Amino acid sequence: MRILRSVLLCAALASPAIAQAPKLSRPLTKWDTLAHDILRQLIEINTQESSGSTANAARALAARLTAAGFPDSDVVVVENASKKGNLVARFRAKHPAKKPILLLSHIDVVEAKPDDWTLPPYTFVEKDGNFYGRGVADNKDDAAIDVALIIRLKAEGFDPDRDIIVAATTDEEGGAANGVDYLLKNRPELLTAEFALNEGGGGRIKDGKNISHDVQASEKKYQDFRIEATNPGGHSSRPVKDNAITQLADALVKVGAFDFPVHLNEVTRAYFERSAGLVDADMGDAMRRIVQNPADAAAAAKLSSDPGYNSQLRTSCVATMLEGGHATNALPQRARANVNCRILPDESPDDVLRTLQRVVGAAKVVVTKSGNDAENSPPSPLTKELMGQAERITQQMWPGLPVIPTMSTGATDGKYLRNKGIPTYGLMGQFYGDSNAHGMNERIPQQGFYDSAEFVYRLVKSVTRPVAF
């Protein structure tokens, strides 16, 4: 009965949506349709960790490319674990004069339980001017756009001054077989490039209007820490002040109240400087003041009232999990918490550890790093070659919008490339608004998807056959 209800729900939701044409700002081309069809195909291939296969998705993309005339030698599927696959395709220049560029995406997705969604996560639904499905925003849209792009360039007879590499990889969202890491260690020749375009950037939208085009040129590092208190314990009828749970609670209150120092880098300094005119007067004034003087406590306090701006200012740490005690009628012998930190690119996990130890300052509470050390992710330089072309094309497509560098407070596979000396930029021209990525009924606006495909097409052509700006 549940299966029948699901089928009926899918039919009721999907059929009218497909029949109803969206209101778009321009007629669709055959290349828009190709990108749409590839995205639909990818969404309907389950690539979640527990029950899916990125290998199937990689092979499906490879079949698209070989059918479009790409030689088998330039379309490689690398399987680095069971059901884990990575596509790497190369559009070759006839007379390459420069190192390649790399277009990176990932084809694995966050787990999606159909019972938690009102729409079927692995059915591509077109409804109310949106595309719905797990991965439409994170990150199968980029894979579809990148593959459709090189098929288009080949069909048009475009001759770039360098090779264009497209990589659609596995396990960015977790899992033990990260494709970018594996390829860089085992097949580095497949990904060697002058720079890469990746997820992580995007357009800012306020009150339904585009206000800026943000380019991710840096990202924070991810590191977990364990805060733990231990005790011999005893009978709960004879409580003592030496209590592991109480000690842990005191430590977490201290961590929660602590702010790491403001520390700006080239990217965040440019972010605040260029964003100051896009926000209300008081916030804009705080942005200008913090750029002039990072020690301005009043400006920092104003910016810190916004969680997003606060994360741009400093390293941040927050308690995310708790575990304590072993019986309802016993004094706890152990209490521990996980504290998740997002560390600025030019700060180290060891320095953060020492800071947390100092902040906690309790002899019976131990703070240690948990898991592997955070991967470094040095900021990518804001070169005129790329940023100038991004600004030129942004003005063509969205006149008057500023292009603003930004630092992601989350994490992407860009960190692996940056560590190997490949500057990486989140630059896909995507004005999606709230896509609810990782959540229920993930969605993107159809107009935003087609605009992104056009932006990437223009950008890639401009940096492989440079256009004056």
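For the reader, a short list of remarks on this structure follows.
- Test set (1) without any contact (Cβ under 8 Å) to a residue 60 or more places away in the chain; (2) within 14 Å of residue 320 (Cα to Cα) - residue 257 fails condition number: (2)
- Qualifying residue in region 326-347 (condition: acidic (Asp, Glu), part of a loop (DSSP other than H, G, I, E, B) and without any contact (Cβ under 8 Å) to a residue 60 or more places away in the chain): no
- Where residue 222 falls short, out of the listed (1) modelled with pLDDT of 95 or more; (2) on the phi < 0 side of the Ramachandran plot; (3) out of contact with any Ser or Thr (no Cβ under 7 Å at 6 or more places or on another chain): (1)
- Residue satisfying all of: in region 284-302; within 25 Å of residue 203 (Cα to Cα) and touching a residue at least 24 places away in the same chain (Cβ under 8 Å); surrounded by the most Cβ atoms within 10 Å (Cβ to Cβ) among these: 290
- The one condition in (1) touching a strand residue (DSSP E or B) at 6+ places or on another chain (Cβ under 8 Å); (2) part of a loop (DSSP other than H, G, I, E, B) that residue 142 fails to fulfil: (2)
- Candidates in region 351-375 are the residues that are in contact (Cβ under 8 Å) with a residue 12 or more places away in the chain and charged (D, E, K, R); of these, the one that is nearest to residue 268 (Cα to Cα) is 375.
- Residue 9 hydrophobic (A, V, I, L, M, F, W, C), out of contact with any His (no Cβ under 7 Å at 6 or more places or on another chain), part of a loop (DSSP other than H, G, I, E, B) and at pLDDT below 95: no
- Qualifying residue in region 23-34 (condition: without any contact (Cβ under 8 Å) to a residue 60 or more places away in the chain and part of a helix (DSSP H, G or I)): yes
- Here residue 18 passes the criteria (1) modelled with pLDDT of 95 or more; (2) surrounded by fewer than 13 Cβ atoms within 10 Å (Cβ to Cβ); (3) touching a strand residue (DSSP E or B) at 6+ places or on another chain (Cβ under 8 Å); (4) not polar (S, T, N, Q) except the one numbered (1).
Let's see how each residue does on (1) aromatic (Phe, Trp, Tyr); (2) assigned to a helix (DSSP H, G or I); (3) at positive phi; (4) modelled with pLDDT of 95 or more:
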{"site": "228", "(1), (2), (3), (4)": "no, no, no, yes"}
{"site": "255", "(1), (2), (3), (4)": "no, yes, no, yes"}
{"site": "269", "(1), (2), (3), (4)": "no, yes, no, yes"}
{"site": "272", "(1), (2), (3), (4)": "yes, yes, no, yes"}
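- Residue list for region 113-126, filter: out of contact with any Lys or Arg (no Cβ under 7 Å at 6 or more places or on another chain) and either in a loop (DSSP other than H, G, I, E, B) or of a type in the set (Lys, Arg) (or both): 113, 117, 118, 119, 120, 123
- Answer residue from region 442-469, given it is of a type in the set (A, V, I, L, M, F, W, C) and in a loop (DSSP other than H, G, I, E, B) and is surrounded by the fewest Cβ atoms within 10 Å (Cβ to Cβ) among those: 468
- Any hit, region 241-249, residues being assigned to a helix (DSSP H, G or I), surrounded by 14 or more Cβ atoms within 10 Å (Cβ to Cβ) and not hydrophobic (A, V, I, L, M, F, W, C): yes
The values are calculated or read from the model by the stated rules, or taken from the named source; none is laboratory data. Since we're looking at a predicted model, the values are computed, not measured. Note that we place each Cβ from the backbone using ideal geometry, even for glycine, and neighbour counts take in every protein chain shown.
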